[in-house]
1. Which condition does residue 14 not pass, out of (1) part of a helix (DSSP H, G or I); (2) modelled with pLDDT of 75 or more, if it passes all the others?
2. Restricting to the range 1-14, give me the number of residues that are surrounded by fewer than 10 Cβ atoms within 10 Å (Cβ to Cβ) and either in contact (Cβ under 8 Å) with a residue 40 or more places away in the chain or more than 23 Å from residue 65 (Cβ to Cβ) (or both).
3. Within the range 40-68, can you find the residues that are loosely packed, with under 10 Cβ neighbours inside 10 Å, outside any helix (DSSP H, G or I) and at pLDDT below 75?
């Protein structure tokens, strides 16, 4: 997989493994980037449905990523989460 990402995508893939002596939870470097991206994508309800063809799923992921990116680009102020307590 590392060779494929280097040759096809022209990027570096780094596999981060947990240390052998680690017990319990520990923050790994740059893992938050992946988790944040997945959280942004799961905000799109259409991705919760399981598509039959991988090409359809890929198209929906791209669509959700583009929609989220344009929403962030066109915003005039920094993003803020609003919480409503019931």
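The values are calculated or read from the model by the stated rules, or taken from the named source; none is laboratory data. Bear in mind that the values here come from a model prediction, so they are computed numbers and not experimental data. As a convention, Cβ positions derive from the backbone with ideal geometry for all residues, glycine included, and neighbour counts pool all protein chains shown.
1. For residue 14, the exception is condition (1).
2. Taking the range 1-14 as the starting set, the residues that turn out to be surrounded by fewer than 10 Cβ atoms within 10 Å (Cβ to Cβ) are 1, 3-4, 7-12, 14.
Filter once more, so that each one left must be either in contact (Cβ under 8 Å) with a residue 40 or more places away in the chain or more than 23 Å from residue 65 (Cβ to Cβ) (or both): 3, 7.
Residues meeting the conditions: 2.
3. Residues of the range 40-68 that are loosely packed, with under 10 Cβ neighbours inside 10 Å, as a first pass: 45, 48-50, 52-55.
Narrowing further to those that are outside any helix (DSSP H, G or I): 49-50, 52-53.
Result: 49, 50.
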